[in-house]
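Undergrad: Below is one structure. I have some questions about it.
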Amino acid sequence: MSQTVQTKILKFSGSEIKETDDLLAVEEPLEIRIEFHNGKEWILKNLSVTMRTPGNDKELVAGFLFTEGIISDITQIASIQSPGENIITVSLKKEISFEPANLERHFYTSSSCGVCGKTSIEAIRTTKKSRLESIVKIHSSNLFLLTDKLLKHQDAFGKTGGIHGCAFFNNMGDLIEAKEDVGRHNALDKLIGSLLLQEKKAGELILLLSGRASFELIQKAAMMNVNIVTAVGAPSSLAVELAREKEMTLIGFLKNNRFNIYCGEERILTEPLNKENRIHI
C-alpha cells in the first residue's frame with residue numbers, strides 16, 4: 001500500500017496560477033484488535049482506531065501495545081495478523097492476563113495526538129520506572145550528523161513534505177533504524193515496534209524526532225529505556241518535566257549546527273570519542 005497519493009492542485013506563484021500535480025501523504029484508519037484469554041474463553045476486542053500512514057503496521061501495533069503498557073515484553077504476543085485491509089489483530093499468549101477495563105482509552109486516536117483519547121490524567125502516565133540508567137554518551141559533533149541522515153531516509157517526506165520521521169542512531173552517528181508516519185506518535189511506535197520484533201534494546205541508542213518533542217513521545221521513549229532524545233523542534237514544558245524526572249538527556253532545535261540542552265547535559269561530550277566507545281547492537 002502506497003504512502004503517497006497524487007492529486008491535482010492549482011499552484012500560485014507571483015501572479016501566475018497553473019494546474020499541476022502534487023503528492024500527498026496517505027492517511028488511513030487502522031483498527032487494532034486484541035485477542036486474549038480470560039481464563040474461560042478466547043475474547044476478541046476492538047482496542048483502538050488510529051489514523052496512520054499505511055506501512056509497517058505490525059511494527060506500529062507492537063510498539064503501541066508496549067508503549068501503552070498493555071504488554072511488557074514482545075514475547076507476550078503469540079501472533080500479529082492482518083485479517084483484512086486496515087485491520088490488525090494481536091493475539092496474546094493464553095497465560096497473559098489482560099483486563100480491558102484497565103485500559104483507560106477511547107477507541108479513536110487521531111494521527112496528531114496520541115493522548116487525546118485518554119480518559120483520565122492518571123492514565124496519561126504509563127511509564128513505571130522512576131529513572132533511567134545508561135553509560136551512553138555522544139560527542140556534540142556527532143549530533144550534527146543525525147538530521148541529514150534521517151532526512152535521506154525520509155522518502156515520503158521528500159515527496160510530500162507532510163510526514164513525520166524518527167530514527168535511532170548509535171553514539172557515532174550511525175543510523176540504526178528509521179520510520180515515517182503522518183502521526184508523530186505512530187512513527188515512534190513503528191520505530192519502537194521494529195526494535196521489539198527484532199528483540200533489540202534501545203537504552204544505548206540516541207532517538208531523533210523530526211518535529212517537536214511532546215510529552216507522549218518522551219513517555220514512549222522512557223518506556224523503551226531511551227536515555228538521549230533529540231528533536232528538530234521544540235519540547236513542551238511537560239516533556240521537559242518528564243525528561244528531568246526520568247533523568248533523560250533532552251535536546252531541542254537540533255539543526256544548523258546548533259541545539260539546546262534542556263536536561264542531562266552530562267551525556268553530551270566535547271572531547272573526541274575513542275573507537276572502543278562506539279555502540280554496536
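The values are calculated or read from the model by the stated rules, or taken from the named source; none is laboratory data. Everything quoted here is computed from the prediction, not taken from an experiment. Heads up, the Cβs are rebuilt from the backbone with ideal geometry, glycines too, and the neighbour counts pull from every protein chain shown. These area figures cover heavy atoms from the full protein model, side chains too; ligands, DNA and RNA do not enter into them. Shrake-Rupley method; radii C 1.70, N 1.55, O 1.52, S 1.80 Å.
Undergrad: Please give the contour-minus-distance gain from A101 to D21: 0.36 nm per residue of separation, less the Cα-Cα distance, rounded to one decimal in nm. Write down the numbers at each step before the final one.
TA: Working: separation 80, 0.36 × 80 = 28.80 nm, distance 4.76 nm.
That pair, A101 and D21, stretches by 24.0 nm at full extension.
Undergrad: Just to confirm, what accessible area per residue do you get for segment 131-200 at 1.4 Å probe, in whole Å²?
TA: On the way: 2690 Å² over 70 residues.
Result: 38 Å² per residue.
Undergrad: With a point put 7 Å past each Cα toward its Cβ, work out how far L10 is from E241 in nm, to one decimal.
TA: 4.7 nm
Undergrad: Determine, from the Cβ-Cβ distance of N260 and K159 and an R0 of 45 Å, the FRET efficiency 1/(1 + (r/R0)^6), rounded to the nearest 0.05.
TA: On the way: r = 30 Å, r/R0 = 0.67.
That gives a FRET efficiency of 0.90.
Undergrad: In addition: Under the 0.36 nm per residue contour assumption, what length would be gained going from the current alpha-carbon distance of A234 and L175 to full extension?
TA: Working: separation 59, 0.36 × 59 = 21.24 nm, distance 2.22 nm.
Computed gain between A234 and L175 is 19.0 nm.
Undergrad: Between T270 and T75, take the C-beta separation as r, use R0 = 41 Å, and let me know the FRET efficiency to the nearest 0.05.
TA: On the way: r = 41 Å, r/R0 = 1.00.
Working from the Cβ atoms, E equals 0.50.
Undergrad: On full extension of the chain, what length is gained from I87 through K149, given 0.36 nm per residue of separation minus the C-alpha to C-alpha distance?
TA: Taking I87 through K149 to full extension adds about 19.1 nm, to one decimal.
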